[in-house]
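What follows is a short report on a single structure.
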Amino acid sequence: MKVFGLLPYVDESEITRATGSFDPAFIKALAQCYDTLGYERILIAQSASSPDSMTVAASVMQWTDRLKLMIAHRPGFVAPTMAARMLATIDQLSGGRCGVHIITATNDAETRGDGDFLTKDERYARSREYVGLLRQSWTATAPFDHAGDAYRVEGARTMIRPVNGTIPVFWGGSSGLGVQYGGECADVYAFAGTTIERSAALIAQVRAAAAPFGRSPRFLMSIRVVIAPDDAAAWMRAQSIVATIKAQGGPSKKGLGSGSDESAARRVAEAMAARSTADPCVWGGVIEATGGTSHAMALVGGPDQLVETLRAYEAIGVDDVLLRGFDNLADAQAIGELLIPRLG
């Protein structure tokens with residue numbers, strides 16, 4: 001089980017307020033921390049208001065030696081043939097460390113800020129076509145034409161290809177079309193952490209969607225962790241996180257693309273349902289405290305409990321995990337020192 005990290009653009013979380021919106025020194029320090037501590041790959045996020053993920057990725061690969069990238073990218077704003085060349089260029093410059101995370105976005109209102117007025121289902125269909133054109137651009141040995149619902153190209157060609165012939169495509173989305181097209185398109189299906197039972201059901205759905213295409217995607221689960229030297233200390237820390245959020249009148253930061261009120265309510269309901277003796281380590285306290293604007297389903301415990309729980313997720317099909325705490329640098333260090341050596 002490999003561990004991934006998340007690279008925020010500034011040192012902030014639900015309990016930490018930032019003084020600005022972009023901090024290159026912090027980005028560099030955290031990226032190098034991940035590189036040194038043995039993280040496999042980092043997610044560089046994207047939203048309708050965030051800094052550019054491609055540009056940040058190009059800098060990160062210069063600051064690190066072995067760390068791989070998972071660059072969030074939203075179809076619809078850059079032509080797929082051009083994006084294929086951009087990603088292949090980063091891949092060549094980084095020695096084959098590039099990966100792309102296709103983001104379709106759950107929030108119609110947010111995507112309209114960038115001029116995208118397609119519905120969610122229309123965006124999923126466009127993303128499916130986009131991934132096909134990325135792969136064709138990377139592998140075609142002669143100029144090609146394409147005429148689809150979203151894109152039309154004639155004589156598309158490229159002078160640059162990925163180091164290993166292609167670039168891993170990560171895909172997220174748990175709606176009906178998200179699962180259907182994820183099964184068809186994903187090299188790695190990425191999903192937000194939830195209970196073991198719900199995770200197993202989602203994995204089964206994606207595997208069923210992938211089977212007709214002869215595909216066997218890997219599964220990456222993203223979940224927060226509240227880590228401390230032992231279980232009791234971890235639960236005390238979890239309660240202090242909620243207390244801090246309430247004391248400051250709400251979260252310091254909402255999740256990127258937090259979604260609609262309906263999505264927030266669904267996250268709260270799921271968090272409340274996670275209060276189960278079947279998953280004693282799973283905790284949705286931050287989701288409840290933020291009214292669902294945070295995506296922070298978490299695992300709480302000391303190193304032994306966290307490793308045991310992550311192995312249980314591995315047993316139901318989770319191949320890798322993206323782990324992040326609530327104190328960016330300190331928790332990245334703790335995860336790297338206390339969990340990564342035991343999960344590899």
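The values are calculated or read from the model by the stated rules, or taken from the named source; none is laboratory data. Since the structure is predicted, the reported quantities are computational estimates derived from the model, not experimental observations. So basically every Cβ, Gly included, is an ideal-geometry build from the backbone, and we count neighbours across all protein chains shown. Keep in mind that these areas ignore ligands, DNA and RNA; they rest on the heavy atoms of the full protein, side chains included. Shrake-Rupley method; radii C 1.70, N 1.55, O 1.52, S 1.80 Å.
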Once the piece of chain linking Ala315 and Phe117 is laid out straight, how much longer is it, given 0.36 nm per residue of separation minus the C-alpha distance between them? 67.2 nm
By the gyration tensor of its Cα atoms, with a ≥ b ≥ c the square roots of the eigenvalues, what is the shape of segment 12-93: rounded for a/c under 1.5, prolate for a/b over b/c, or oblate? oblate
Taking θ = phi - 60°, what integer Hz values does the Karplus form 6.51 cos²θ - 1.76 cosθ + 1.60 yield along segment 164-178, in sequence order, with x for Gly and Pro? 9, x, 7, 10, x, 9, 8, 9, x, x, 10, 6, x, 6, x
So what J values fall out for segment 41-50 if you push phi through Karplus, 6.51 cos²θ - 1.76 cosθ + 1.60 with θ = phi - 60°, rounded to Hz, Gly and Pro as x? 7, 10, 8, 9, 6, 8, 8, 6, 10, 7
Would you please classify the overall shape of segment 172-312 from the alpha carbon gyration tensor, given that a ≥ b ≥ c denote the square roots of the eigenvalues, rounded means a/c under 1.5, and beyond that prolate means a/b larger than b/c while oblate covers the rest? oblate
GNM of the chain, Cα pairs under 10 angstrom: of Gly178, Gly285, Gly165, the biggest fluctuation goes to Gly165
Rounded accessible area per residue of the chain, 1.4 Å, Å²: 43 Å²
Roughly speaking, to the nearest percent, how much of the chain's 1.4 Å accessible area is carbon and sulfur? 52 percent
Ranked from the most accessible area to the least, with a 1.4 Å probe and all protein chains present, what is the order of Met236, Met221, Met159? Met159, Met236, Met221
Taking the Cα-to-Cβ direction at Glu308 and at Ala142 and moving 7 Å from each Cα, how far apart do the two end points lie in nm? 6.2 nm
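Can you tell me how segment 80-224 classifies by the Cα gyration tensor, rounded, prolate or oblate, using a/c under 1.5 as the rounded cut?
Since a/c reaches 1.5 and a/b is larger than b/c, the shape of segment 80-224 is classed as prolate.
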Per the helix-only calculation at 222 nm, which mean residue ellipticity applies to the chain, given -39500 (n - 2.57) for every DSSP H run of n ≥ 4 and division by its residues, nearest 500 deg cm²/dmol? -13500 deg cm²/dmol
Working from Cα positions, state the angle (0 to 90°, nearest 10) between the long axis of helix 261-273 and the longest principal axis of the chain. 50 degrees
Long-range amide H partners of Met297 with built H, under 5 Å: Arg224
Residues of segment 164-196 with amide N under 15 Å of a point placed 7 Å along Cα→Cβ from Ala273: 174-176, 192-196
Would you mind pulling out the separation of the Cα centroids of segment 76-117 and segment 121-139, in Å? 11 Å
Name the trypsin sites (Lys or Arg not before Pro) in segment 265-344 that are in a loop by DSSP and that have at most 14 other C-beta atoms within 10 Å, would you? Arg275
Nearest 10 degrees, 0 to 90: helix 303-315 Cα axis against the chain principal axis: 40 degrees
